[in-house]
Structure formats: structure tokens, C-alpha cells
Amino acid sequence: MRKLALATAMLLAGAGGASAAQMTLTSPDIKPGARIADEQIANGFGCSGGNVSPALSWSGSPKGTKSFALTNYDPDAPTGSGWWHWVVFNIPAATTSIPKNAGDVKAKLMPEGVIQSRTDFGTDGWGGPCPPPDGKPHRYIFTVFAVDVDKLPDAKDDNASAALVGFDLHFHTLDKATLTATYSR
């Protein structure tokens with residue numbers, strides 16, 4: 001009887017979890033697992049792409065979400081620690097998408113109050129993929145984070161490192177969704 005009660009409880013818990021909303025991240029410019037287009041590729045470091053950030057949309061954020069953050073990370077970069085291509089935070093909770101080229105800080109396409117901080121290129125805003133010319137494909141992981149605070153407490157401006165933003169997100173993420181694409185040259 002006890003085993004049956006435990007099995008029933010586990011089944012009900014699993015069924016409840018399966019029906020819960022789950023965050024999703026999509027892009028009309030980047031398809032999951034596909035090669036990133038030249039439009040998004042860096043224009044520098046030996047690459048001659050458009051360096052245009054992709055449009056992104058997300059849904060399914062949990063109750064209590066007060067802001068969002070976005071990152072793009074290459075775990076395959078030959079650095080020992082990967083490469084941060086985009087770090088964005090304090091996106092208002094009412095926002096569910098950003099347009100193409102919002103990563104160009106001069107274009108001012110992000111909602112007011114959003115901070116695009118330093119990437120591993122040493123600049124703020126979008127820095128497109130540009131792996132070494134060895135033909136090895138790199139993964140580019142776009143992540144949207146649902147955050148439980150309006151503003152990250154320690155990352156205060158565009159000088160915040162990806163590590164500092166990640167520290168804040170570690171303690172304030174309610175849920176997240178990813179979209180991974182590849183690029184090689």
C-alpha cells in the first residue's frame with residue numbers, strides 16, 4: 001500500500017510538472033542547431049560579417065518575473081573559459097521580444113533601462129561569432145533568463161563583466177530557455 005501511495009504521488013507530481021509552463025526562446029533569424037548566417041557574424045577578428053544581432057522572442061515566463069536577461073556564449077572558444085558574445089540585463093518584464101540589431105547600442109532599439117554590458121571583445125553590445133579558421137564548429141548558446149528582481153543588484157552598468165552578471169543571475173533566475181546554433185570557418 002505504501003509503495004502504491006508513493007508511486008501515485010510521484011505520478012501526480014510528474015503530471016503536475018509536465019503541465020507547468022516552460023519558457024521558450026525563438027528567433028526568425030536563427031534556427032536551433034543550424035548554422036548562423038553571415039549577417040550575424042562579427043566584422044573583425046578576421047571575419048567580415050554584418051555583426052547584426054538576431055531578433056529574439058520568448059514566452060512562458062514564470063509568475064514573479066520582474067525582468068529578463070539575455071546572453072550569447074560560445075563554450076567552444078579556445079580560451080579555457082569560453083567567449084561571451086552578448087550580455088544584456090534589466091529587460092522590463094513586459095518585454096517578450098527584441099528586434100534584429102538591438103545589440104547595436106547606438107541604434108537604441110532596446111527598451112529604456114536595458115543594459116548591454118561588456119563582452120569578451122571588450123565592448124558592450126552584440127559581438128558576432130568569429131571562431132578560429134580551423135573548420136571546427138562552435139556552439140553559440142542564446143539564453144533568456146526570467147529574473148526575480150527589476151534590476152540586478154551587483155551588475156550596475158555597461159562595465160559589468162559577464163562573470164558579475166552571471167553571479168547575480170545565479171541567485172535571481174526563476175527559469176531560463178536556450179537556443180543553440182553553430183558556426184565554423
If I ask for residues that are in contact with a Gly (Cβ under 7 Å, 6 or more places away or on another chain) and either modelled with pLDDT under 95 or under 24 Å from Lys63 (Cβ atoms) (or both), which ones from segment 103-155 would you list?
Asp148
Residue tally, condition over 14 Å from the mean Cα position of the chain (by Cα) and either within 18 Å of Phe142 (Cβ to Cβ) or among the hydrophobic types (A, V, I, L, M, F, W, C) (or both), over segment 66-97
6
For segment 101-110, the count of residues that are open to solvent by 40 Å² or more (accessible area, probe 1.4 Å) and under 18 Å from Ala155 (Cβ atoms) equals 1
Conditions first: (1) buried (at least 20 other Cβ atoms within 10 Å of the Cβ); (2) assigned to a loop (DSSP other than H, G, I, E, B); (3) aliphatic (A, V, I, L, M). Ile91 passes all but one, so which condition is the exception?
(2)
On the basis of being at pLDDT 95 or above and open to solvent by less than 30 Å² (accessible area, probe 1.4 Å), does Leu179 make the cut?
yes
Looking only at residues in segment 149-170 that are open to solvent by 20 Å² or more (accessible area, probe 1.4 Å) and under 16 Å from the mean Cα position of the chain (by Cα), which one is farthest from Gly82 (Cα to Cα)?
His170
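Would you mention how many residues in segment 58-76 are under 16 Å from Gln40 (Cβ atoms) and either in contact with a helix residue (DSSP H, G or I) (Cβ under 9 Å, 6 or more places away or on another chain) or among the small types (Gly, Ala, Ser) (or both)?
Of the residues in that region, 2 qualify.
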In the set Gly14, Gly33, the lone residue that is at pLDDT below 95 and open to solvent by 30 Å² or more (accessible area, probe 1.4 Å) is Gly14
Could you list, in sequence order, the residues of segment 68-100 that are at positive phi and touching a strand residue (DSSP E or B) at 6+ places or on another chain (Cβ under 7 Å)?
Gly82, Asn90
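The values are calculated or read from the model by the stated rules, or taken from the named source; none is laboratory data. Computed from a predicted model, the values in this text were never measured in an experiment. Cβ atoms come from the backbone with ideal geometry, glycine included; neighbour counts cover every protein chain shown. These accessible areas exclude ligands, DNA and RNA; they are computed on the full protein's heavy atoms, side chains included. Shrake-Rupley method; radii C 1.70, N 1.55, O 1.52, S 1.80 Å.
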